[in-house]
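Everything below concerns the one structure shown next.
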Amino acid sequence: MLKVELHTHAAGDPEDAIPYGPTELIDRAAALGYDAVALTLHNR
């Protein structure tokens, strides 16, 4: 079974004040055993 997150945000999304960037998010997801992560932006 795959562990995936298909809707998450990171810094750079103009509608969210998120303190971590895409690289940090991906590194953390990998450390937690995720097989795939999909980064999304609001209205883009």
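Please count how many residues of segment 1-37 are touching a His at 6+ places or on another chain (Cβ under 9 Å) and outside any loop (DSSP other than H, G, I, E, B). Let's see the steps before the verdict.
Of all residues in segment 1-37, those touching a His at 6+ places or on another chain (Cβ under 9 Å) come to 9, 13-16, 18, 25.
Pick out the ones that are also outside any loop (DSSP other than H, G, I, E, B) and you get 25.
Here the count works out to 1.
For the structure I just gave you, tell me whether D35 is in contact (Cβ under 8 Å) with a residue 24 or more places away in the chain, among the acidic types (D, E) and surrounded by 12 or more Cβ atoms within 10 Å (Cβ to Cβ). In short, no. Is there any pair linking a residue in segment 1-24 that is at pLDDT below 90 to one that is among the small types (G, A, S), with Cβ under 8 Å and at least six apart or on different chains, and which? Short answer, once both residue conditions are applied: G12/G21. The residues in segment 25-44 that are modelled with pLDDT of 95 or more and among the basic types (K, R) can be counted, and the count is 1. Suppose the filter is among the polar types (S, T, N, Q) and surrounded by 11 or more Cβ atoms within 10 Å (Cβ to Cβ); does T23 pass it? Taking the combined requirement at face value, the residue does not satisfy it.
The values are calculated or read from the model by the stated rules, or taken from the named source; none is laboratory data. This structure is a prediction, so every number in the text was calculated from the model and none was measured. Cβ sites come from the backbone with ideal geometry, for glycine too, and all protein chains shown count toward neighbours.
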